[in-house]
Amino acid sequence: MDFFNIFQRSRSSLRQLEQHRQRLYRIAYSWTHSAALADDLVQETLTKALQKHGQLRDTGAGEAWLYTILSNCLRDHYRRQREADDIDELCLVDEAGPEQVSSQQQIVNQVRTAIARLPMGQRQVVTLVDLEGFSYSEVANILVVPVGTVMSRLCRARAALKEILSAVRQNDAEPAAPSARIRRIK
């Protein structure tokens, strides 16, 4: 009896996959501009989806799961097609001098220090959006907050960073004035 239930589930899975085949092909074709490659990617996507259908926990996310597989198949294809450079023929030259490296490292340290001064919510949003490149909706899902909250935290974080970094820049630009010390003599 269980065998027939498994067979029935796989038949319904097959029907659902067939419904998505044309859309997967359109997306793959728009990504690759090659009919043959798009067809291969869709075939590989459907094969992997059938093999791994037991790993899908949320059936409502099945469509997104398929397109994630398609994206991964495309990435794998390009990774396999990437040309390897012969390292014996490469000429490795670093154009940046020690002064430039030091200056860049100072800037990185200043930005890290400025980000560390932000409140945790703003720090999370600015690092996920600006440094890691996540979209607002992805950050909202990651932090389990509304998209509007992400946007407002990001706006406040950027404004705070601008103030902090401009204050640091002004302090670096001004020559250090000798500080007058008042000593109390008894």
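If the condition is being modelled with pLDDT of 75 or more and of a type in the set (Ser, Thr, Tyr), then segment 49-71 contributes Tyr67, Thr68, Ser71.
Taking first residues from segment 143-156 that are free of Cβ contacts under 8 Å to residues at least 12 places away in the same chain and partners that are in a helix (DSSP H, G or I) and aromatic (Phe, Trp, Tyr), the Cβ contacts under 8 Å between residues at least 6 apart in sequence or on separate chains come to Val147/Tyr136.
Determine if segment 92-99 includes at least one residue that is under 23 Å from the mean Cα position of the chain (by Cα), exposed (fewer than 15 other Cβ atoms within 10 Å of the Cβ), farther than 30 Å from Lys162 by Cα and not β-branched (Val, Ile, Thr). Among the residues of segment 92-99, not one is under 23 Å from the mean Cα position of the chain (by Cα), exposed (fewer than 15 other Cβ atoms within 10 Å of the Cβ), farther than 30 Å from Lys162 by Cα and not β-branched (Val, Ile, Thr), which makes the answer no.
Quick one: which residue in Gln8, Gln81, Gln105 is modelled with pLDDT under 85 and within 24 Å of the chain's Cα centre (by Cα)? So the residue among Gln8, Gln81, Gln105 that is modelled with pLDDT under 85 and within 24 Å of the chain's Cα centre (by Cα) is Gln81.
Checking the condition in a helix (DSSP H, G or I), of a type in the set (A, V, I, L, M) and at pLDDT below 70, which residue from Leu14, Leu74, Leu46 passes?
Leu14
Against the conditions (1) aliphatic (A, V, I, L, M); (2) touching a Ser or Thr at 6+ places or on another chain (Cβ under 8 Å); (3) farther than 24 Å from Ala64 by Cβ, Val147 satisfies every one except (3). Of everything in segment 109-150 that is outside any helix (DSSP H, G or I) and small (Gly, Ala, Ser), the residue that is modelled with the lowest pLDDT is Gly133. Assessment of segment 31-42 against the conditions (exposed (fewer than 10 other Cβ atoms within 10 Å of the Cβ) and modelled with pLDDT of 85 or more) yields at least one matching residue.
The values are calculated or read from the model by the stated rules, or taken from the named source; none is laboratory data. As the structure is a prediction and not an experimental result, all values here were calculated from the model. A quick note on method: Cβ atoms are made from the backbone with ideal geometry, for glycine too, and the neighbour counts reach across all protein chains shown.
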